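*Asks:* My structure is below; once you've seen it, I'll send some questions.
No value in this document is a laboratory result; all are computed from the given coordinates. It should be emphasised that the depicted structure is a prediction, and the values quoted were computed from it without experimental measurement. Because the Cβ atoms are built from the backbone with ideal geometry, glycine has one as well, and the counts that use them run over all protein chains shown.
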Amino acid sequence: MSSRIATFRRKVALGQYELTGHAKDEMEQDGFTIRDVKAAIYDGKILMTQRHGSGPRKYLVRGRAQDGRELDVVCRLTELRRLRVITVFSVRS
């Protein structure tokens with residue numbers, strides 16, 4: 001899985017990513033910015049993968065925002081090999 005997180009980091013570095021409307025709404029609700037999401041992907045680890053039937057595989061990445069808060073990013077690779085951020089949420093202890 002380490003090569004998969006490396007792929008995600010490369011996609012972010014190259015600007016080959018997109019955020020769903022839901023991800024944007026959740027970011028705003030929890031006070032995160034796109035820089036926080038990028039930081040979490042650069043710093044984070046894949047905690048789990050999920051697949052429903054023959055659908056695309058989704059990944060849960062846990063990392064830290066720029067201010068140190070933990071956040072989870074659910075993402076997947078699209079058919080065009082872009083990184084799609086599906087949702088973002090704060091990890092509450």
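*Asks:* What do you get when you divide the Cα radius of gyration of the range 2-90 by 2.2 N^0.38 Å, with N the number of residues?
*Replies:* Its radius of gyration relative to the 2.2 N^0.38 Å reference: 0.98.
*Asks:* If you don't mind, another one. Hey, got a sec? Which trypsin sites (Lys or Arg not before Pro) in the chain land in a DSSP loop and have at most 16 other Cβ atoms within 10 Å?
*Replies:* 51, 57, 69, 81, 82, 92
*Asks:* Grab the DSSP H runs of the chain that are 4 residues or longer, score each as -39,500 (n - 2.57), total them, divide by all residues and round the 222 nm result to the nearest 500 deg cm²/dmol.
*Replies:* So the calculated ellipticity at 222 nm is -10500 deg cm²/dmol.
*Asks:* How much length is gained if the chain between residue 45 and residue 3 is pulled fully straight, taking 0.36 nm per residue apart and subtracting their Cα-Cα distance, in nm to one decimal?
*Replies:* Fully extending the segment from residue 45 to residue 3 adds 14.0 nm.
*Asks:* Moving on to the next point. Could you give me the ³J(HN,Hα) list for the range 61-72, computed from phi with Karplus coefficients 6.51, -1.76, 1.60 and θ = phi - 60°, whole Hz, x at Gly and Pro?
*Replies:* Whole-Hz 3J(HN,Hα) from phi for the range 61-72: 10, 10, x, 10, 6, 4, 8, x, 5, 7, 9, 10.
*Asks:* Multiplying the sequence separation of residue 14 and residue 72 by 0.36 nm and subtracting their Cα-Cα distance, what value in nm do you get?
*Replies:* The residue 14-residue 72 span can extend by a further 18.8 nm.
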